[in-house]
Every structure is written in C-alpha cells, then in structure tokens.
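Here is the structure we will look at.
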Amino acid sequence: MSLLEIKNAKLKIDDKDILKGLSLTVNKGEVHAIMGPNGSGKSTLSYMLAGRDGYELESGEVFLEGKSLSEMEADERARSGLFLAFQYPVELPGVGGMSFLREAVNSRRKFLGEEELDHLAFVKEARKVASKMFVKDEMLKRAVNVGFSGGEKKRFEILQMAMLKPKISILDETDSGLDVDALKIVSDGVNAQRNDDNAIVVITHYQRLLDYIVPDFVHILSDGSIIKSGGPELALEVEKNGYAGLINAA
Amino acid sequence: MLHNVKDNYITSVKEYVSQFEEKSFRKLASNDFKSWPSPREETWRLSRLGVLSRKKITPITPNFQKKNASLSKFNGSKIIRFVDGAFREDLSSKLPPGSSLNILGEEDSLRCFHKFKDSNLKDHPSTNVSFSCTPSIVKLTIEKDVKLRDFFEIIYEGGDNNLSVHPALYIELKDNSSIKVIERFNHLSSLIMPLQLVELKTNASINSLKIFNDDQQSYNLSANCAFLADKSNYNSFSLIKGGLFTRSETHAYLKGENCNLNLNGVYLSSKNQHHDLTTAIYHDVPNCTSKQIVRGVLGGKSTGVFQGKVRVAPDAQKTDGQQMSRAILLSENAIANAKPELEIYADDVICAHGATVGEIDDEQLFYLKSRGISEKKAKQILITAFLKDIINESVEGSIQNFVFEEAELTLSEIISKEI
Ligand SMILES: Nc1ncnc2c1ncn2[C@@H]1O[C@H](COP(=O)(O)OP(=O)(O)OP(=O)(O)O)[C@@H](O)[C@H]1O
Ligand SMILES: [Mg+2]
C-alpha cells in the first residue's frame, strides 16, 4: 500500500480552477520533489493535503495509508502523521514556542497510544532536537515565529517536523530565504529523519536544494496538474532551460 | 471621624439620603443634578442605564462592624480597605514611611470635587452622586522622592441589594515619587460608584492595576480623573470581568511635557454582562505619548464597549498617540462595539488607531490544527495568547502571572460554554 495517494484531484478557489486533475503516488522511503512556476498550485496542493478550510477537493480523492482524508479535519490528519512545513509560517503572538511544541507533540503521542511527555522530559527532548538544528534555546522561549527571521522560521518548521516524527512531510519552499549554511543545516535535519517508513515531498524552485536532499522523483507541476515526472536529472533540466520548453511539450 | 461633603448642590447628606427613600434614583439624580445620563447622550448611547435608572436604590450606611471578606492576594502588599465605600483603618495595613492616608476635611473635599467638576467627568453620574454620598474622601499622599516597591493593594468590598456604594480615593504623587497600586473591586449586588482622582507631579510615576470583579448582580460606574505634570508616567491596566454592568471611565489630562500614559485594558464578558471601557485622553501640551491597547473576549449574550477619545490640542505638537482595540466574539449573540474618536488639532503628530471585532484568526487556527492540536484546544491557546500578550505588555513582571490567572479563571468559564 502506498503511503500517500492523490487521485485526480480537482480544486477550485473562488470559482477559479486551481488543481485540475492532479495525481501523485508516494511510497514509504521515497523523497519526491515538486517544482513548478509561481502560481501553478504548489501551495494549494499542500494546503489541500493538510486540510485547510476552503481547500476541499471538488472531485478526486486522497488516501493516507489507504485511508481517505476527505472526512478528516486538519488536526486529525496531522495526528495521523501528515506534516506540512509552511511556505509562510504563521506568527502566533503570545504563544510560547515550548508550550506550543509540547501541545503538538503530546497530541500526536496520544494518538499513537504513547504516553504524554511531562514538562521536564519534554524540555529535554526539545533542547536536544533544537541543538541539532542549531536553534537556540532562547528561540523556544519566544512566541512562535514572532520576530523570527525568514530563515529562523524555516528552521523552526523543520524542528517541529523532527519532534513530531511524521509519516509524510510536505515541505513547501522550506529552502527559500535560507542562507548557504542554514540550507545545509535544514537539509541535514531533514535527511536525518529519512527512513524506510516515512516519505518526504519537497516543493522547491531551486535545484540546489536537491543536491542536499536527493529526491527519488522530480515532478513538474504546471497550471494545476503534473505535466512531467522523472528523476533528479529533470531538476537539472529545469535549472538550465526553465519551464517553458517542458510546458510547451506537454 | 467620618466626614460628609457639603456643597451648593446639596444641603446635607442626611436630607439627601432621606430623599432617596422617596424617589427613584433617576428622579433624584436628574432633579438635583441634571446629570443622570439619558440614552441619547453620546457617551452613554452604547451603555444604557435603563434598567438601573428605574431601580430604587438607597446609598448604603456603612457598617463598621463588617469584617473583611476578601483576603490579600499578595505577600507584603500594603492593604487599603474600603467596606461599603468607607475606608476601614482597622482592616488596612500600616503604611510605609513617605506615604500617608488622610480623610479630607470639608475644604479639601470641595477642592477635590471641583477638580472633577472642571473635567469632562462633570456630568458623570458617579461624580455628583458619590461626592454627595461618599462617607469620606480618602487621600493617599506619596512624598517627594519616595519610591515605594511594595504594592498598595486597595480592596473595595461590601454592598448589598438595592444599595449604592461610594468609595472616593484621591492619590497624589509628589515630585519624583513612584508607587504601584492594585485595586480590586469585590462588591455584592449593589450599585458601585467609585471616584478616583490621581495627580502626578513632576517626574512622578504610578503603575496601576484595576480588577473589576463585583458579583453578577452589581453595577459599577467607576469614574477616574488623572492629571499628569511634566515627565510623569501613568501606566494603567484594567481587567473587567465581574458585574452585570461595569463601566470604567477614565479621563486623563496631560498637562506637562514629556509625560507618558498607558491606558490598557481587557474585558471578559459572558451571559448577559455588559462591560464598558471608556477613556478620554487630552494632550494639552507638546511631546507626550499615550498608548491604549484594549482587548475583549465575549460569549453568551454579553456586550462590550470600548470608547476611546484622544484629543490633541493645537499646541500639542510631537504628540504620539496610539490606540488599538480588538474584540473576539465567541458567540453569535455577543456584541462588541468600538468607538475610537480622534480629535487632532495639531499638525506635527503621530496618531494611529485601529479597531477590529471578529472571530479567531483562521490562519493561526489552521497553523495550530496542522500540528495536530484539536480545534477546541487551538482556540483556547489563541485566546489565551491574545490576553497573555497584552497582559505581559501592560503589567510589570512580578504580577503578570497573577493577572493572567485572574483572567484565565474567567476565560475558561467562557470558553467551556462556547467552544
Ligand atoms: N485564497 C485564494 N484566493 C484566490 N486565489 C488564490 C487563493 N489561494 C491561491 N490562489 C490562486 O491559486 C493559484 C495557485 O496559488 P499557489 O499559492 O498554490 O501557487 P504556488 O505554486 O505555490 O506559487 P509560488 O511558487 O509563488 O509559491 C494562484 O493563481 C493564486 O493566485
Ligand atoms: Mg507556494
């Protein structure tokens, strides 16, 4: 059984067709990269998967480990092991990073039938993961994403991913806004979590990220559907020639 | 020791009180003072006193045998206690050196009264009624250069059915002095008409926290007047959560240059409560700053009102006035009104204001849910944060937790009903 299966997904926003019959299958242990021009529907796809209100499918279906997502709210999907690293992480003034993480982690643990972590155990774990991501303790004390730099926000997304240990992660332009060193740190963080049991979908504009997080498959998303799929070489082709040729050929 | 204010407005309190027994409150107030607000009056349009006006209410005769009901919430605070509106020396703390409490004599009381009458609180019902009915005006004086670290905890309690309570407090901070004050209103089913006059002399500074937590049958019409001399600093935060009807009205006059005023507040309303935070800030001189952040959370059939007037006089150049209000409605039947009113007559000023009334931000809600947090929990987190944020910004570190817990108690009740 595949981990994630998107079948002919169609979605409208304000009467405008955004996803126009998108299909994608992701198996355990795989890394998929999705590239595509601005406005092609990449973030829409990720919101749809995460279960954001207003991003319900008009037709088509999505399965997570064989289970249809259509009836599941965003929080249930997340507890089931779906994770979205936001292209634009949301600021939560007044919500402390540590208590936010703890609430999230314990929600997931409860779902998995694991014991909830008490405050001390949690703080210890969070600090450990944070130090691997070169996230300063001080940042965990601050309100979530408030006043974080662009790069810090992205790092904090991956830190959450590391803490939640999802089955499938969708990383929406996690590389945008990262400097060279941060790109390496974040990529290392992602790679450290790769295993035979989970899968990652990275959405990116830059081939460079794929040197660090090497994908098994690369897909080109254009105008609401996947027009071409291939191996890592496809990303190199995009880097060299842009999307125009690929789109015209499709 | 008790003293009654006499003035042209009334002949004597005794006579005054006897009239109460014959007439309804409104009649008395309107006949004698022409001051009972009609619903047509602009500042009372959103907070109508209809039901109250028809009630028969008599000023309370303070019972000096009553013992204190509310315990102190702070270690080491200096307690100043009012029961039934009367200052109770026997239930208050000994004050630290450099500070003193006095009951004003007739002349000083009148002077105090006229400060109110010269302000835009002149027609506030509490101004007229309480100056007549208060057992005494109590004055807290802080001497020059005295900076007190311990909190003054001022507790107002007592009251009873169909009675009105009239505490009056005058706080004067002399040059370079500073204090921290926590006021707690804990009356039982009565009409409370507190008066407060704050005078800050040069470079004086006050941190003030007011918690309105009278019981659910009470009406509280608090009237506060503040005068700020140069370089003074007035930092105030109000938490309104109790009462059937609570309105805290504050008028602040920035009279000296380089002073700084914060009038922040939170109201938490449920059931059929009505909460009103009304402020007026008068920038009369240049180079002062004022800031207001007001937040409300409403459930049930409650209503919330924020009215914020900022007037910048033609001479008050380089004024910086900020005002932000935001209310979150958790129930379809709750109503929040925000009425910012900026009157700016100077040209070189920075004045910003914004008011929003709405639901919980759906982007933030989605972000939390996308991390596996249930909708209910997510809403709870966001509303809590909404309050924590402003509490942390408004009150000093050592009492942030206390204020937050006071808010959370009420908040969790509201949330458990609505979400
Ligand atoms: N809430 C919305 N209302 C109206 N249009 C929307 C909304 N959300 C997305 N769209 C439109 O849907 C299309 C796809 O947007 P989406 O954000 O998915 O693109 P993207 O591929 O992620 O682009 P980028 O590379 O710039 O991040 C765009 O044309 C966008 O304007
Ligand atoms: Mg996008």
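The values are calculated or read from the model by the stated rules, or taken from the named source; none is laboratory data. Owing to the predicted nature of the structure, the values given are computational and were not obtained by experimental measurement. Cβ sites come from the backbone with ideal geometry, for glycine too, and all protein chains shown count toward neighbours. Only protein heavy atoms, including side chains, enter the accessible area calculation; ligands, DNA and RNA are left aside. Shrake-Rupley method; radii C 1.70, N 1.55, O 1.52, S 1.80 Å.
Side notes on the structure shown:
- Counting only Cβ charges, +1 for Lys and Arg and -1 for Asp and Glu, the dipole size of the stretch B:7-256 around its Cα centre is about 560 debye.
- Dipole axis of the stretch B:7-256 (+1 Lys, Arg; -1 Asp, Glu on Cβ), positive-most option in B:LEU163, B:HIS114, B:ASN186: B:ASN186
- Against the rule of thumb 2.2 N^0.38 Å, how large the Cα Rg of the stretch B:88-214 comes out: 1.06
- Estimated translational D of chain B in µm²/s (Stokes, Kirkwood radius over Cα pairs; 10 °C; 1.306 mPa s): 73 µm²/s
- Placing A:GLU103, B:GLU332, A:GLU138 in order of accessible area, with the largest value first and a 1.4 Å probe, yields B:GLU332, A:GLU138, A:GLU103.
- Counting charges near B:PRO194 (Lys, Arg +1; Asp, Glu -1) among other residues having Cβ under 10 Å from its Cβ returns a value of 0.
- Solvent exposure, largest accessible area first (probe 1.4 Å, DNA, RNA and ligands not counted), of A:TYR88, B:TYR156: A:TYR88, B:TYR156
- Computed lengthening from B:SER416 to B:LYS271, 0.36 nm per intervening residue step minus Cα-Cα distance: 50.9 nm
- Alpha-carbon geometry of chain A: the Rg and the Dmax are 17.8, 57 Å, given in that order.
- A simple count of charges around B:GLN273, restricted to other residues whose Cβ falls under 10 Å of its Cβ and scoring Lys, Arg +1 and Asp, Glu -1, yields +3.
- Rounded to 0.05, the FRET efficiency of the A:SER131 and B:ILE344 pair, given R0 = 51 Å and the Cβ-Cβ distance, is 0.50.
- Shape class for the stretch B:64-112: oblate, because the ratio a/c of the largest to smallest gyration tensor axis (alpha-carbon atoms, square roots of eigenvalues) is 1.5 or more and b/c is at least a/b.
- Each listed q (0.11 Å⁻¹) maps to a log10 I(q)/I(0) for the protein assembly as shown from the Debye sum over equal C-alpha point scatterers, namely -1.04.
- By accessible area, using a 1.4 Å probe on protein heavy atoms only, the stretch B:7-256 has 46% of its surface on carbon and sulfur.
- Averaging Cα coordinates gives a centre for the stretch A:71-140 and one for the stretch B:75-131; these two points are 51 Å apart.
- Label zone at A:ASN38 (point 7 Å along Cα-to-Cβ), backbone N below 14 Å, the stretch A:203-242: A:205
- Relative to one another, the C-alpha centroids of the stretch B:285-301 and the stretch B:363-396 are positioned 20 Å apart.
- Comparing B:ILE60, B:ILE373, B:ILE206 in a Gaussian network model of chain B where C-alpha atoms under 10 Å apart are linked, the largest mean-square fluctuation is found at B:ILE373.
- Of A:GLU239, A:GLU157, the order by accessible heavy-atom surface (1.4 Å probe, DNA, RNA and ligands excluded), from most exposed downward, is A:GLU239, A:GLU157.
- Take the Cα of B:GLN217, step 7 Å toward its Cβ, do the same at B:ASP145, and the gap between the two points is 5.3 nm.
- Principal axis box of the stretch A:1-127, alpha-carbon based, largest edge first, Å: 48, 37, 26
- Listed residues B:THR356, B:THR289, B:THR246, most fluctuating in chain B (Gaussian network, C-alpha, under 10 Å): B:THR356
- For the stretch B:7-256, pairs of C-alpha atoms spaced more than 33 angstrom apart make up 14 percent of the total.
- The stretch A:2-120, dipole about Cα centre (Lys/Arg Cβ +1, Asp/Glu Cβ -1), debye to the nearest 20: 380 debye
- Label-to-label distance, A:ASP223 versus B:LYS94, with points set 7 angstrom from Cα along the beta-carbon direction: 8.9 nm.
- All distinct Cα pairs of the stretch B:283-362 go into the 1/r average, and the inverse of that average, the Kirkwood radius, is 13.6 Å.
- Cα Rg, Dmax, the stretch A:210-250, angstrom units: 10.1, 30
- Entry note, the stretch B:112-222: relative contact order of 27 percent, from Cα contacts under 8 Å with a spacing of 6+ residues.
- Net charge contributed by nearby residues that have their C-beta within less than 10 Å of B:LYS241 (K/R +1, D/E -1): -3
- Most mobile of B:ASP320, B:ASP123, B:ASP361 in a GNM of chain B (Cα contacts under 10 Å): B:ASP361
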